[in-house]
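The values are calculated or read from the model by the stated rules, or taken from the named source; none is laboratory data. Keep in mind that what you see is a predicted model, and the values were worked out from it rather than measured. Every residue, glycine among them, receives a Cβ derived from its backbone with ideal geometry; neighbour counts consider all protein chains shown.
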Amino acid sequence: MEKFDLIVVGAGPGGYVAAERAGSLGKSVLLIERDQLGGVCTNWGCIPTKSLLNSAKLYRHALESEKMGVRAESVTYDLDAAMAWKQETIETLRSGIQFLMKSNKVAVVMGVAEFVDANHVKVGDTVYEGSDLIIATGSSPAVPPIPGHDLAHVVTSNEILSIEKLPASLAVIGGGVIGVEFASYFSSVGVKVSIVEMMDEILPMMDAEFAKLMRREMKGVEFHLGCKVTGITEDGVSYTDAKGNPQQLAAEMVLMSVGRRPNVAGLENLHLDIARGGIVVDDRLRTNVPNVYAVGDVNGKSLLAHSASRMAEVVVSNLYGAGNQRMRYHAIPWAVYGLPEAAGCGLTENEAKKQGREIVTATTQMRANGRFLAEHGKRAAGLCKVVADAKTKVILGVHLLGPYSSEMIFGAAVMIESELRIKDVKEIVFPHPSVSEILKDTLFAIEHTL
Amino acid sequence: MATEVLMPKQGNSVESCIILDWRVKEGDPISIGDVVCEAETDKSTIEVESTAAGTVLKLLFAAGEEVPVMQPILVVGEKGEKVAATTAPPEKPVDSQDATATVASVATAEVPKQQPDPVATSTGTAGSGGDLHISPRARAVASAAGVDTVTMVPTGPKGRIIERDVLEALKGREPLSPAAKEALVNQALQAPAQGTGIGGRVLVADLASAGAGKSTTGQLSVPTDFPGPVSEVVVKGVRKVTAKRMHDSIATTAQFTMNAYADASVLQSLRARFKSSDPELGLQKVTINDIILFAVAKTIRQFPYMNSHFLGDKMRTFEHVHLGCAVDTPKGLLVPVVKYADNRSLKQISDEFKRLAAMSIEGKAQPDDLTGGTFTVTNLGAMGIDTFTPVLNVPEVAILGVGGISMRAVEDAEGDFTFIPHIGLSLTIDHQAVDGAPGARFLNALCRNIATIDLLMAL
């Protein structure tokens with residue numbers, strides 16, 4: 001029987017990063033994947049959607065750039081070419097991961113892992129032994145049993161990435177990140193899109209005033225908030241609106257994006273403690289079974305690719321590295337790559353208030369920012385909001401809406417992780433002109449003094 | 001002509017410097033600008049340069065001594081020249097303990113009237129009233145980093161902690177976040193060597209109250225999402241005393257609890273009769289607890305080893321019983337003591353305990369009322385507690401916990417089961433002083449006496 005220091009099941013951003021880091025520390029590592037290297041992130045999530053969204057943004061810019069002096073005629077959107085570009089991106093990244101595994105001497109086995117016990121995993125007829133086991137099996141789109149959920153035109157984020165023809169209309173059930181990004185993409189390329197959301201607002205992690213602006217800016221999308229879907233038919237979606245009245249919505253395609261479920265099937269032999277959200281872990285990602293760890297979506301703690309990678313690093317560091325690391329969740333940035341883009345890190349104003357903290361906040365408009373104005377004009381929407389502790393002025397949260405938000409937000413993570421105060425960040429020099437200066441302006445809006 | 005080299009002034013705030021190391025010795029030739037010694041202020045380490053040329057005639061201080069600024073530290077002159085009497089060094093170098101004594105005496109009179117020589121006086125002002133075992137600079141570094149200096153290994157002259165000792169102790173410590181640093185300066189907090197932030201950075205949440213490391217509660221904080229608002233109250237007053245006494249109790253004794261049930265039928269009927277008795281007898285308010293106190297006071301006379309204090313190297317056994325009884329007051333737990341409980345009748349115990357309990361609850365109990373116990377009773381029976389593990393009121397060797405009354409099945413002579421009310425009794429003993437069997441004998445006797453409380457009252 002082949003023996004390894006570490007067996008990792010699932011090759012997404014949790015699993016392959018764990019394998020890579022452990023391999024680079026000289027450990028013998030086996031990585032088992034049932035489908036594609038890179039997992040959902042590379043193949044059906046982060047990456048393909050960014051590829052498509054970028055093509056949609058280019059298309060929109062081409063249509064709208066006349067006022068800036070660029071006159072493009074007969075601009076069309078070619079779905080086949082966009083899909084081909086997306087596919088090439090995926091394959092390049094996939095082979096990149098393959099190369100990473102090879103260069104870190106990680107053994108990769110493609111197949112479905114059967115968990116024998118905490119130290120043995122079987123793939124096909126072969127049993128492998130590992131001293132430690134990392135479960136990184138990820139999550140899958142949740143499909144609630146709404147009448148009609150199994151109709152052919154009802155898709156999840158997986159199938160919608162390989163459509164061959166744009167539908168005339170799309171109903172998106174669920175206004176979370178996935179729903180909003182697809183809504184943004186499809187509406188940008190000319191599809192009539194409606195979002196039906198059960199809650200009173202889209203994007204629950206977003207500051208309330210930002211979500212409102214986001215909706216206003218997604219001009220081609222119709223929002224039905226506080227609505228509960230009651231059924232899906234060949235022609236569309238029926239739901240009850242906020243007032244309890246039954247309504248109909250015509251749609252050629254229906255995207256089910258109401259959340260994701262942890263992939264915990266097949267783990268029975270390990271006798272893991274599994275809650276509704278996923279495998280129960282502590283802040284070192286340890287499960288109730290010694291030597292078994294769970295990272296990424298499967299533990300339900302933070303369903304983000306970068307969270308999964310970080311969790312993997314915490315586990316590998318504690319096992320083979322400098323050790324003594326804990327997963328911290330308070331400064332994990334998130335981003336929505338729609339049109340417009342948005343990103344955030346740390347507490348929103350509401351969350352801070354719910355925690356009983358005394359806070360100070362300021363919100364500034366991006367149109368006061370040089371680069372933003374030059375590139376987008378004074379009508380475009382852009383906001384920056386900072387939440388800080390009222391007494392210590394430690395930065396607790398940063399929220400952005402506007403271009404480059406996702407590229408800037410890491411700075412907020414650094415500030416929050418380092419527990420920097422407003423006056424500390426004031427001493428940091430930001431490049432000019434850049435949209436990032438909006439953050440410094442917002443800090444000064446809270447604390448004018450030097 | 002001999003010239004004095006002075007300890008230079010280092011800005012406005014530095015009042016004195018410690019001579020770390022002499023670079024010259026008596027008899028050495030010296031020029032202006034030569035380094036004569038290294039000295040430490042609370043802000044930096046400096047090199048003191050000579051302001052005179054010639055030969056070093058006399059070093060006026062030993063390394064490690066603290067010298068006020070603008071005081072002469074050495075005398076330079078021509079070779080063989082005599083040092084003037086006014087600049088003669090003190091006969092004996094003042095060691096740190098003497099210096100402490102001197103500081104104390106100087107503190108009462110700022111300018112001593114008798115000044116045999118100025119140098120001796122100036123050494124007396126060393127430390128400006130602070131802790132003489134740490135240099136001001138070392139103290140400043142330590143407090144900025146929030147480290148406890150008690151555990152540091154001093155390598156400075158005369159066992160003093162100097163800057164390098166603090167820096168040594170800081171090795172391996174992770175940096176503080178700016179906010180944590182600020183919190184340290186403003187509050188009496190201490191930083192752990194490693195925090196929960198990036199790279200082990202110490203965050204505000206990781207800071208513990210100064211001195212908390214020595215208690216049981218001040219552990220390194222772990223990152224936890226506390227639900228909702230959190231309030232913090234400084235531990236003081238009765239809570240603080242209780243915390244210390246409870247911890248001392250657990251830490252210094254070998255506690256061992258045994259549980260038993262006493263037949264409470266007579267107890268209950270007696271209580272019922274008191275309640276319905278002639279008001280003029282004044283017995284209506286006698287409670288179950290009073291009766292238990294009475295039973296304990298009577299029983300313990302037969303078991304003197306239970307009526308003792310364990311003092312480590314000796315045991316003190318008392319003839320009379322000063323019986324403490326725990327009272328729940330708005331301020332927290334208080335234990336008033338019924339003095340000479342063994343000499344009192346049930347009514348007297350009842351009256352005295354009521355008086356003491358009322359004063360405790362009102363916050364008017366005198367220290368004498370709350371000390372001097374030889375045995376303690378604590379009663380949670382009224383709150384529906386069956387049995388529990390009372391914590392010893394050290395140095396007493398035993399404490400009785402009284403539980404509630406509940407029905408227990410008892411087999412009678414005919415083999416039938418009947419339900420009889422029983423009261424739960426939990427006796428914690430200090431196994432250092434009393435063994436299990438003697439403890440059990442006492443508890444057993446107490447159970448019997450409670451079961452036949454009517455007879456006990458005749459004794």
Apart from one, (1) touching a residue at least 12 places away in the same chain (Cβ under 8 Å); (2) not in a loop (DSSP other than H, G, I, E, B) all hold for A:Lys122; the odd one out is (1)
Within region B:360-386, the count of residues that are modelled with pLDDT of 90 or more and surrounded by 17 or more Cβ atoms within 10 Å (Cβ to Cβ) comes to 9
Residue set A:Arg284, A:Arg310; condition surrounded by fewer than 21 Cβ atoms within 10 Å (Cβ to Cβ) and of a type in the set (Lys, Arg); output residue A:Arg284
Going by the structure shown, is B:Leu333 within 28 Å of the chain's Cα centre (by Cα), in the same structural domain as B:Thr253 (by TED's automatic domain parsing) and modelled with pLDDT of 90 or more?
no
Those residues of region A:371-385 which are surrounded by 19 or more Cβ atoms within 10 Å (Cβ to Cβ) and aliphatic (A, V, I, L, M) amount to A:Leu383
Original post:
What do you reckon, is A:Ala211 within 20 Å of the chain's Cα centre (by Cα) and surrounded by 15 or more Cβ atoms within 10 Å (Cβ to Cβ)?
Top reply: yes
Of the listed residues (A:Arg379, A:Arg328, A:Arg367), the one being outside the structural domain of A:Glu437 (by TED's automatic domain parsing) and on the phi < 0 side of the Ramachandran plot is A:Arg328
Reported set for region A:171-225 where residues are small (Gly, Ala, Ser), closer than 18 Å to A:Val155 by Cβ and in a loop (DSSP other than H, G, I, E, B) is A:Gly174, A:Gly175, A:Gly176
Cβ pairs under 6 Å, 6+ apart or interchain, first in region A:419-443 and within 17 Å of A:Lys385 (Cβ to Cβ) and free of Cβ contacts under 8 Å to residues at least 40 places away in the same chain, second assigned to a strand (DSSP E or B) and among the small types (Gly, Ala, Ser), ordered by first then second residue, are A:Ile422/A:Ala388
Problem set entry | Yes/no for A:Ile32 being under 21 Å from the mean Cα position of the chain (by Cα) and in contact (Cβ under 8 Å) with a residue 12 or more places away in the chain | no
So, first residue under 18 Å from B:Gly54 (Cα atoms) in region B:4-15, second residue modelled with pLDDT under 80 and surrounded by 16 or more Cβ atoms within 10 Å (Cβ to Cβ), Cβ within less than 7 Å, six or more apart or across chains; the pairs are B:Glu4/B:Thr87
Worksheet item: What do you reckon, is A:Pro167 touching a residue at least 40 places away in the same chain (Cβ under 8 Å), in a loop (DSSP other than H, G, I, E, B) and in contact with a strand residue (DSSP E or B) (Cβ under 6 Å, 6 or more places away or on another chain)?
Response: yes
key: Residue check, B:Gly218 farther than 30 Å from B:Lys364 by Cβ, surrounded by 12 or more Cβ atoms within 10 Å (Cβ to Cβ) and modelled with pLDDT under 75   = yes
Residues of region A:1-15 being crowded, with 24+ Cβ neighbours inside 10 Å and either outside the structural domain of A:Gly124 (by TED's automatic domain parsing) or under 20 Å from A:Gly266 (Cβ atoms) (or both), in sequence order, are A:Leu6, A:Ile7, A:Val8, A:Val9, A:Gly10, A:Ala11, A:Gly12, A:Gly14, A:Gly15
Of A:Ala352, A:Ala343, A:Ala413, A:Ala388, the only residue that is aliphatic (A, V, I, L, M) and surrounded by fewer than 19 Cβ atoms within 10 Å (Cβ to Cβ) is A:Ala413
Counting only residues that are within 17 Å of A:Asn291 (Cβ to Cβ), basic (Lys, Arg) and not in a loop (DSSP other than H, G, I, E, B), region A:1-41 contains a total of 1
Tell me, please, whether a residue that is facing chain B (nearest Cβ under 10 Å), farther than 14 Å from A:Glu349 by Cα and hydroxyl-bearing (Ser, Thr, Tyr) can be found in region A:394-413. no
Within region B:184-204, of all residues that are closer than 19 Å to A:Leu396 by Cα and assigned to a loop (DSSP other than H, G, I, E, B), the one farthest from the other protein chains (Cβ to nearest Cβ) is B:Gly195
Within region A:214-236, the residues that are buried (at least 21 other Cβ atoms within 10 Å of the Cβ) and closer than 20 Å to A:Ala335 by Cβ are A:Met214, A:Met218, A:Val221
Checked region B:170-183 for anything away from chain A (no Cβ under 12 Å) and in contact (Cβ under 8 Å) with a residue 24 or more places away in the chain; matches are B:Leu170, B:Arg173
The residue that is farthest from the chain's Cα centre (by Cα), considering only those in region B:348-392 that are hydrophobic (A, V, I, L, M, F, W, C) and not in a helix (DSSP H, G or I), is B:Ile385
Picking from A:Leu93, A:Leu52, the residue that is touching a residue at least 60 places away in the same chain (Cβ under 8 Å) and in contact with a helix residue (DSSP H, G or I) (Cβ under 7 Å, 6 or more places away or on another chain) would be A:Leu52
Of the candidates A:Ala265, A:Ala242, the one satisfying the condition of being closer than 26 Å to A:Ile135 by Cα and of a type in the set (A, V, I, L, M, F, W, C) is A:Ala265
